[in-house]
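Notes follow the structure.
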């Protein structure tokens, strides 16, 4: 039996006061990854199952069996390209819009896929095309987002306290020792 290919994994540190990005290579021998900011070790018990599966599943961080794939391309950059084309449209007889759309499409076609966990938003890169999970499904996303379904290791199934705090308050997380995060609005 051949050794499964390695993947690149990125996820938010599940430590209560951290939330920084944990990134690294996921191989058959990877049992855990350590956050460089807080030194918290996150065990990855489903690594072997993930590396052997087609399509990719389950998430080794939280245990969720539902992943989706999308292009690994910044949506804001794509929209900016099209917006610039539209703004320049009146002075270029709208040719700039067509050019911008073609540039955006060419970038979209050449950028590789990324697989993302619905529950914890862990990202998986460098996988073969035949291992690609299905496309994004808003119904599955909403089930996880609004708390109707949970991953086996629910305590890890967050995008990270730092990210959540910024979403709730619209600002950066307070420094160490400044107390607990505020409750959800």
Using 7 Å Cα-to-Cβ label points, what is the residue 109/residue 6 separation (nm, one decimal)?
3.3 nm
Cut-off 18 Å, label 7 Å out along Cα→Cβ of residue 65, residues of the range 22-55 by amide N:
45-55
For 47, 57, what ranking results if the residue with the fewest other Cβ atoms within 10 Å of its Cβ goes first?
57, 47
Once the Cβ-Cβ distance between residue 95 and residue 73 is put in as r, and R0 is 30 Å, what FRET efficiency do you end up with, to the nearest 0.05?
0.80
Can you give me the Rg/Rh ratio for the range 1-125, using Cα atoms for both radii and the Kirkwood formula for Rh?
1.15
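What is the order of 20, 41, fewest Cβ neighbours within 10 Å to most?
Ranking 20, 41 by Cβ neighbours within 10 Å, fewest first, gives 41, 20.
Where a number appears in this text, it was derived from the coordinates with a stated rule and is not lab data. This one's a predicted model, so the numbers in the text were calculated from it and none came from an experiment. Glycine gets a Cβ as well: all are built from the backbone with ideal geometry, and neighbour counts include every protein chain shown.
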